[in-house]
Amino acid sequence: MKKKANTIVNALKAKKLRVTPQRFAVYANLLQRSDHPTAEQILKDLNENVPTSSQATVYTALQALREVGLVREVLLEPGVCRYDANLEPHHHFHCPCCGVIEDIPWDTFQPLNLQRLRPGITPERYQVTVEGVCDRCQE
C-alpha cells in the first residue's frame with residue numbers, strides 16, 4: 001500500500017501539482033477503477049466511511065488532474081461526464097440499457113485511415129465507441 005501511495009504522490013509531483021489529501025484521494029480512487037465513474041460516484045465512494053469531501057472539492061480535484069493529463073474525461077452520454085485514469089490508448093463499449101462502460105483494447109480494431117478525411121481537417125486523435133447491449137442486459 002505504501003508503494004502505491006508513493007507512486008500517486010510522485011505522479012502528482014511530476015505534474016507539478018501540490019499533493020493535497022483531496023487530490024490524492026480522488027486520483028487513488030480513479031486508479032483502482034475501470035468503470036469510468038462520474039464525479040458524483042467518486043464523491044459517494046470517498047464519503048462512504050467518513051464524510052469528508054464535498055462535491056466542489058471533487059470537481060476541483062478532477063479538473064486539476066485533467067488539466068495536467070493524469071485523467072481524461074469520457075463523454076459517451078449526453079450531459080454525463082465520466083473520468084478515466086487509464087491513459088493508454090483504448091476504445092470504449094457503452095451499454096445504453098444499464099450504462100456500463102468497458103475498455104476495449106486499442107488493437108481490437110484495425111487503424112483508421114485518417115488520410116481519407118476531407119481536406120482541411122487535421123486529426124489529432126480518435127477513439128471508437130461501440131454501443132450495444134451488454135451480456136448482463138441480454139439475460
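The values are calculated or read from the model by the stated rules, or taken from the named source; none is laboratory data. Note that this is a predicted model, so its numbers are computed, not measured. Every residue, glycine as well, gets a Cβ built from its backbone with ideal geometry; the counts of neighbours run over all protein chains shown. Just the protein is used for accessible areas: all its heavy atoms, side chains included, with ligands, DNA and RNA removed. Shrake-Rupley method; radii C 1.70, N 1.55, O 1.52, S 1.80 Å.
Take the residues in the stretch 103-117 that are over 20 Å from the mean Cα position of the chain (by Cα) and of a type outside the set (A, V, I, L, M, F, W, C); name whichever of them is most open to solvent (accessible area, probe 1.4 Å). My answer is Arg116. Number of residues in the stretch 50-106 that are among the hydrophobic types (A, V, I, L, M, F, W, C), touching a Leu at 6+ places or on another chain (Cβ under 7 Å) and within 16 Å of Arg33 (Cβ to Cβ): the value is 5. Under the condition of being among the aromatic types (Phe, Trp, Tyr) and assigned to a loop (DSSP other than H, G, I, E, B), the residues counted in the stretch 43-79 number 0. Being within 22 Å of the chain's Cα centre (by Cα), among the hydrophobic types (A, V, I, L, M, F, W, C) and either under 21 Å from Glu73 (Cα atoms) or modelled with pLDDT under 95 (or both) holds for only one residue in Val100, Val133, and it is Val100. Counting only residues that are among the β-branched types (Val, Ile, Thr) and more than 14 Å from Tyr83 (Cβ to Cβ), which one in the stretch 1-56 is surrounded by the fewest Cβ atoms within 10 Å (Cβ to Cβ)? Going through the qualifying residues, I end up with Val50.
For the condition in a loop (DSSP other than H, G, I, E, B) and within 28 Å of Gly132 (Cβ to Cβ), Glu40 does not qualify. Screening Leu76 with (1) surrounded by 14 or more Cβ atoms within 10 Å (Cβ to Cβ); (2) modelled with pLDDT of 95 or more; (3) out of contact with any helix residue (DSSP H, G or I) (no Cβ under 9 Å at 6 or more places or on another chain) gives one miss only, at (2).
Residues of the stretch 123-139 that are open to solvent by less than 70 Å² (accessible area, probe 1.4 Å) and in a helix (DSSP H, G or I): Cys137 alone.
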